Amino acid sequence: EVQLVESGGGLVQPGGSLRLSCAVSGVAVGGNYMSWVRQAPGKGLEWVSNIYTGGSAFYADSVKGRFTISRDNSKNTLYLQMNSLRVDDTALYYCARGPNCDSWGQGTLVTDSS
Amino acid sequence: IFLTQSPATLSLSPGQRATLSCRASQSVSSYLAWFQQRPGQAPRLLIYDISKRAPGIPARFSGSGSGTDFTLTISSLEPEDFAVYYCHQHDNWPLTFGPGTKVDIK
């Protein structure tokens, strides 16, 4: 069974940084296409970034140049480094597996402290 | 590719049929999926590749469509089906989700 557990969210000031983690079990993170999707409070889903098995990464325009997706195969963990955070980055951040997002974590909340 | 969903809210009773629409701003090949999200829960994949049910998804859920027009049908609503439903395309960058359709109890 695939399990995804996000962590690393918290309060952050505008302009600050945060690194989110997604611990993966049941499959190899390096052998899977992985995504980050976020959901602002009371709003819909927004795709943020994904990484292919070969390492190619893609980003939404709203985060390009500020966020970086990566993975550590030895720890079986996916990451999202978020820099230059803005008020509108406040959201619940989910990691998901596969191009069809067939497995999701429960999310980690990023909130601006202003 | 922009996705629009209609209606925004669908008020129905248990046992009724629900028909949810998703329209794309340009043609989507086959990479169109549907997700269900219950309050306080993560999204759950229902349908992928337009019409394929994900493992464990009941047969009352079905997907159809092609090109720019897609439909999710719930043949007979169960109490646990009252939720928000999102369509999602991963055919073109940037990947996009529709704004959602809320199915609530009439």
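The values are calculated or read from the model by the stated rules, or taken from the named source; none is laboratory data. All of these numbers come straight from a predicted model, not from anything done at the bench. We place every Cβ from the backbone using ideal geometry, glycine too, and count neighbours over all the protein chains shown. When the accessible area is computed, the model is the full protein with side chains, heavy atoms only, and any ligands, DNA or RNA have been set aside. Shrake-Rupley method; radii C 1.70, N 1.55, O 1.52, S 1.80 Å.
Structure above, values below:
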item	result
Entirely in the stretch B:31-86, the strands (runs of 3 or more DSSP E) that have 1 or more residues that are open to solvent by less than 70 Å² (accessible area, probe 1.4 Å), more than 20 Å from A:Val2 (Cβ to Cβ) and away from chain A (no Cβ under 14 Å)	B:61-74
Every residue from the stretch B:87-106 that is in contact (Cβ under 8 Å) with a residue 40 or more places away in the chain, aliphatic (A, V, I, L, M) and open to solvent by less than 30 Å² (accessible area, probe 1.4 Å)	B:Val103
Odd one out for A:Ala57, checked against (1) within 14 Å of another protein chain (Cβ to nearest Cβ); (2) buried (at least 20 other Cβ atoms within 10 Å of the Cβ)	(2)
Positions within the stretch B:7-23 being of a type outside the set (Lys, Arg), closer than 12 Å to B:Thr73 by Cβ and open to solvent by 50 Å² or more (accessible area, probe 1.4 Å), in sequence order	B:Gln16, B:Thr19
Verdict on B:Val84 being under 12 Å from the mean Cα position of the chain (by Cα) and among the β-branched types (Val, Ile, Thr)	yes
Hey, A:Gln81 within 23 Å of B:Gly40 (Cβ to Cβ), at pLDDT 95 or above and surrounded by fewer than 23 Cβ atoms within 10 Å (Cβ to Cβ) or not	no
A:Val48 vs. criteria in contact (Cβ under 8 Å) with a residue 40 or more places away in the chain and within 14 Å of another protein chain (Cβ to nearest Cβ)	yes
Single condition A:Ser35 does not satisfy, out of (1) touching a residue at least 60 places away in the same chain (Cβ under 8 Å); (2) more than 23 Å from B:Ile47 (Cα to Cα); (3) crowded, with 17+ Cβ neighbours inside 10 Å	(2)
